[in-house]
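*Asks:* Before I ask anything, let me first share the structure, which is written out below as structure tokens.
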Protein chains: 2
Amino acid sequence: MKTTKKILLPENEMPEAWYNIVADMTTKPLPALHPVTKQPMKPEEWEGIFAKELVKQELSEERWIEIPEEVRTLYKIWRPTPLVRASGLEKALDTPAKIYFKNESVSPVGSHKLNSAIPQAYYNKIQGVKHLTTETGAGQWGSALSVAAKHFGLDLKVYMVRISCEQKPYRRSIMQTFGAQVIPSPSNTTEAGRKILAATPDSPGSLGIAISEAIEAAITQPDTKYTLGSVLNHVILHQSIIGLEAEKQMAMTGDYPDVIIGCFGGGSNFSGIAFPFLRHKILGGKDLKVIAAEPASCPKLTRGVFQYDFGDTVGMTPLLPMYTLGHDFQPASIHAGGLRYHGAGSIVSELHKEGLVDAVDVKQLDCFSAGTLFARAEGIIPAPESTHAIAVAVEEALKAKVEGKEKVILFNLSGHGLIDMAAYDQFNSGKMSNYEVTDEYIHQTTDRLEKLV
Amino acid sequence: MKTTKKILLPENEMPEAWYNIVADMTTKPLPALHPVTKQPMKPEEWEGIFAKELVKQELSEERWIEIPEEVRTLYKIWRPTPLVRASGLEKALDTPAKIYFKNESVSPVGSHKLNSAIPQAYYNKIQGVKHLTTETGAGQWGSALSVAAKHFGLDLKVYMVRISCEQKPYRRSIMQTFGAQVIPSPSNTTEAGRKILAATPDSPGSLGIAISEAIEAAITQPDTKYTLGSVLNHVILHQSIIGLEAEKQMAMTGDYPDVIIGCFGGGSNFSGIAFPFLRHKILGGKDLKVIAAEPASCPKLTRGVFQYDFGDTVGMTPLLPMYTLGHDFQPASIHAGGLRYHGAGSIVSELHKEGLVDAVDVKQLDCFSAGTLFARAEGIIPAPESTHAIAVAVEEALKAKVEGKEKVILFNLSGHGLIDMAAYDQFNSGKMSNYEVTDEYIHQTTDRLEKLV
């Protein structure tokens, strides 16, 4: 078979169900706990925050969950996404490794986030919800949800980390163009926001604070639900479409990945590409390494602790069992805004604890070097987040060269970087810093966790 | 047959030759003239500026010109591009018309420009050229050529209109990330630039000035050739890949377009989508309307004159037979930078004169209204240039509604607008102007043309 550059899956072969790895885990993830009672969250407690069907998915141990027809129709705007042979990158590295990437950057908003935004808006819509709230850091999730909310005729309020809102006004414009209301966080519209502003009037905000505000706005207003773009099980579930497609596409090439890599923020794109393959390792003993690529400035999997922790700063979310740096950890202002989150989702955390998921942390400058190499070799400027996966893929390909092995490497290109050129500008002009974090600071923020549960 | 959202063409059905409409034109376009002698340009004169093979294509009357294997391989990074049924837009307009668009925004640089950048870099490379020069306005062409030049190991100098360079620093960063040298124009690096700066030290630049500089830089330096992203016959030729794919894809739907629309700057994306279909109108009498959608602020086809004119401001290019507003016409600062060019290519001009190509001009605010409607209905933010095609498509669809006709409309989505959010920001905040041009000003700039030939 002649190798093509892109391996395309016909629309009618797009998977009809999402894959839930919980079904195949020997040890299930520990349950989320109520933030006040510290007892396992009951479905009706979750339903105060999220749409019913999403709660059902959050707690499900079913292996396959059908993708509704209406969601599938919308997926087809850009899915199935191409699997691409990174032949240019292979040549640039002069490696015997075969490198493939799943190109999620072709989505209309430029990232994988739309995979979960669409079903989340859909399930809220059919339940009769009228308004959605959410938070966004770099703006990828907010943009995706804006598209989905508009399609289903839902109002959307996005709490956007203030500093991002100022530094990335164009992401704000994208959300507004799709009809969403964007509120810089911390704001005066919630008690959580007012509390922070009273203490720190010029607070730049954080994802944790924005989550607190968005949840408060949802639970205090009628017909309103909250939505989240990563971390939780139902989000991970929706993203499995990435790996399920990739599995069929890899089969079309005749190759099977030895290593799978995804960048790691809360876990949504990483889990999406990795879990459908990891399934075969769990069930059938397939030899496979899956690597979460996280920033050296926010290294929860490589240097955090496994502990119950809050998902937000103020402490309104359920307590989740996670690898965490502590919910008041303040990550440095790296450009990969989507990876600046203190904790890892419960499923990934459990799998990491069991040794089924590896993790590597990467410094910012190495990421942008790898990103620039990839851009010049493959013609696509990757999102700052995705450069983390690329840096690890490059490392693996160079290892293969030293070992003289024809290893098959698959990574997820979670998004393009065309809206992040300020970051590349800084890199090109030599003004970018590396940002690492001291053990001392990590201890400071994680030591406080022991009292939580 | 169940209608799919995207109509995908398998890689192996990608056309193997470009289509040259000159072969089928009853009246061939008038020849380009030497700027000094006013005699038809000889091939060797063209070759002082452009690569040999491109000159051959520029003057060719062959119907089909084979796409080199290496170019085809690179095309496959993102081609064939999807043909999409704009079902969301149809629903929003409640029209009986069927609307399709060819989605050229999925290219790695976000526009159709890469279709010609790759072959142009390729033919220069195989001829042994080492350095390329070009100009860019909004930056779409410069970005595309940067990718192509890097791939073939060619140095690239891009003269970027100074005002665009300042207003769109991220387009500059894209080119730099791909390794190109970007020079704000007018600059001190050329005599043309120095002359302009001496007269107008704070000149914001124009596409015409940048062309003068890029040509001068090419003809005065060794192993260097110039490249252009629109207007000329060989560029139009390369873009025919758009329409050739669309033709096969339309056949897959069972529909055939009644109307084809492309936005119009120099003519490259418009000709690309339209000419392969127009062929059947010329040859077989197929009933078909093709419409060039131009900005009301730069209306060369609807309000310009048919006359020999220069392609640049200073008068270094060959004289081309074109609908023109005069080479010193100063278009208003609309956001569709790619459409701010004073003249139309020779082929389109001839076809327009014969009544085979229609033209409509659209005001900026109507374009952004249509663009926002499209974004909300289809989930894709269109480039400011592409909104012109959308505005005309919407108009045609509404006409079909009034007439109760199930008309088939096809337009080209030449690019996405994710790097143009400043423009949407201005529109969203109500600060955008319409910019029209007076007959008086058009007379001022076109009356001077009579002395040229």
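The values are calculated or read from the model by the stated rules, or taken from the named source; none is laboratory data. It should be emphasised that the depicted structure is a prediction, and the values quoted were computed from it without experimental measurement. Cβ: placed from backbone, ideal geometry, glycine included. Neighbour counts: every protein chain shown. Please note that ligands, DNA and RNA were not included when accessible areas were found on the heavy atoms of the full protein model with its side chains. Shrake-Rupley method; radii C 1.70, N 1.55, O 1.52, S 1.80 Å.
*Asks:* Considering A:L351, A:L373, which residue is closer than 30 Å to A:K451 by Cβ, outside any loop (DSSP other than H, G, I, E, B) and among the aliphatic types (A, V, I, L, M)?
*Replies:* None of the others qualify; the one that does is A:L351.
Rundown of residues vs (1) among the hydrophobic types (A, V, I, L, M, F, W, C); (2) more than 14 Å from chain A (Cβ to nearest Cβ); (3) in contact with a strand residue (DSSP E or B) (Cβ under 7 Å, 6 or more places away or on another chain), yes/no style:
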{"site": "B:F50", "(1), (2), (3)": "yes, yes, yes"}
{"site": "B:Q57", "(1), (2), (3)": "no, yes, yes"}
{"site": "B:K76", "(1), (2), (3)": "no, no, yes"}
{"site": "B:L83", "(1), (2), (3)": "yes, no, yes"}
{"site": "B:A86", "(1), (2), (3)": "yes, no, yes"}
{"site": "B:K91", "(1), (2), (3)": "no, no, no"}
{"site": "B:D94", "(1), (2), (3)": "no, yes, no"}
{"site": "B:Q120", "(1), (2), (3)": "no, yes, no"}
{"site": "B:K125", "(1), (2), (3)": "no, yes, no"}
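*Asks:* May I pose another question? Would you be able to tell me the number of residues in region B:147-188 that are hydroxyl-bearing (S, T, Y), crowded, with 22+ Cβ neighbours inside 10 Å, under 24 Å from B:S203 (Cα atoms) and in contact with a Phe, Trp or Tyr (Cβ under 8 Å, 6 or more places away or on another chain)?
*Replies:* 2
*Asks:* Being buried (at least 24 other Cβ atoms within 10 Å of the Cβ) and among the polar types (S, T, N, Q) is the filter here; which residues of region A:236-285 pass it?
*Replies:* A:Q239, A:S240, A:S268, A:N269, A:S271
*Asks:* Residues of region A:334-360 being modelled with pLDDT of 95 or more, farther than 20 Å from A:T445 by Cα and hydrophobic (A, V, I, L, M, F, W, C), which ones?
*Replies:* Within region A:334-360, A:I347, A:V348, A:L351, A:L356, A:V357, A:A359, A:V360 meet the criteria.
*Asks:* Tell me, yes or no, whether region A:78-92 has at least one residue that is over 30 Å from B:A86 (Cβ atoms) and in a strand (DSSP E or B).
*Replies:* Yes - at least one qualifying residue is present in region A:78-92.
*Asks:* While we're on this one: Kindly check whether there is at least one residue in region B:406-413 that is within 14 Å of chain A (Cβ to nearest Cβ), without any contact (Cβ under 8 Å) to a residue 40 or more places away in the chain and either aliphatic (A, V, I, L, M) or in contact with a Cys (Cβ under 7 Å, 6 or more places away or on another chain) (or both).
*Replies:* No: region B:406-413 contains no residue that is within 14 Å of chain A (Cβ to nearest Cβ), without any contact (Cβ under 8 Å) to a residue 40 or more places away in the chain and either aliphatic (A, V, I, L, M) or in contact with a Cys (Cβ under 7 Å, 6 or more places away or on another chain) (or both).
*Asks:* Here is a follow-up. I need the full set of residues from region A:102-115 which are away from chain B (no Cβ under 12 Å), touching a Phe, Trp or Tyr at 6+ places or on another chain (Cβ under 7 Å) and open to solvent by less than 10 Å² (accessible area, probe 1.4 Å), in order please.
*Replies:* Answer for region A:102-115, where residues must be away from chain B (no Cβ under 12 Å), touching a Phe, Trp or Tyr at 6+ places or on another chain (Cβ under 7 Å) and open to solvent by less than 10 Å² (accessible area, probe 1.4 Å): there is none.
*Asks:* Within region A:58-78, can you find the residues that are open to solvent by less than 40 Å² (accessible area, probe 1.4 Å) and farther than 17 Å from A:L145 by Cβ?
*Replies:* Scanning region A:58-78 gives A:E58, A:S60, A:I65, A:I67, A:P68, A:R72, A:K76.
*Asks:* All but one of (1) free of Cβ contacts under 8 Å to residues at least 40 places away in the same chain; (2) closer than 26 Å to B:P204 by Cα hold for B:V106, so report the exception by its number.
*Replies:* With respect to (1) free of Cβ contacts under 8 Å to residues at least 40 places away in the same chain; (2) closer than 26 Å to B:P204 by Cα, B:V106 is out only on (2).
*Asks:* I'd like the residue in region B:189-234 that is within 15 Å of the chain's Cα centre (by Cα) and more than 18 Å from B:R340 (Cα to Cα) and, out of all such residues, is surrounded by the fewest Cβ atoms within 10 Å (Cβ to Cβ).
*Replies:* So the residue we want is B:N233.
*Asks:* While we're on this one: Scan A:V392, A:V360 and give me the residue that is closer than 22 Å to A:G304 by Cβ, more than 14 Å from every other protein chain (Cβ to nearest Cβ) and either touching a Lys or Arg at 6+ places or on another chain (Cβ under 7 Å) or part of a helix (DSSP H, G or I) (or both).
*Replies:* Result of the check over A:V392, A:V360: A:V392.
*Asks:* I'd like the residue in region B:415-446 that is open to solvent by less than 40 Å² (accessible area, probe 1.4 Å), closer than 30 Å to A:Q167 by Cβ and among the aliphatic types (A, V, I, L, M) and, out of all such residues, is nearest to the other protein chains (Cβ to nearest Cβ).
*Replies:* B:M421
*Asks:* Report, by residue number, each residue of region A:240-259 that is in contact with an Asp or Glu (Cβ under 9 Å, 6 or more places away or on another chain) and part of a helix (DSSP H, G or I).
*Replies:* The answer is A:I242, A:E245, A:K248.
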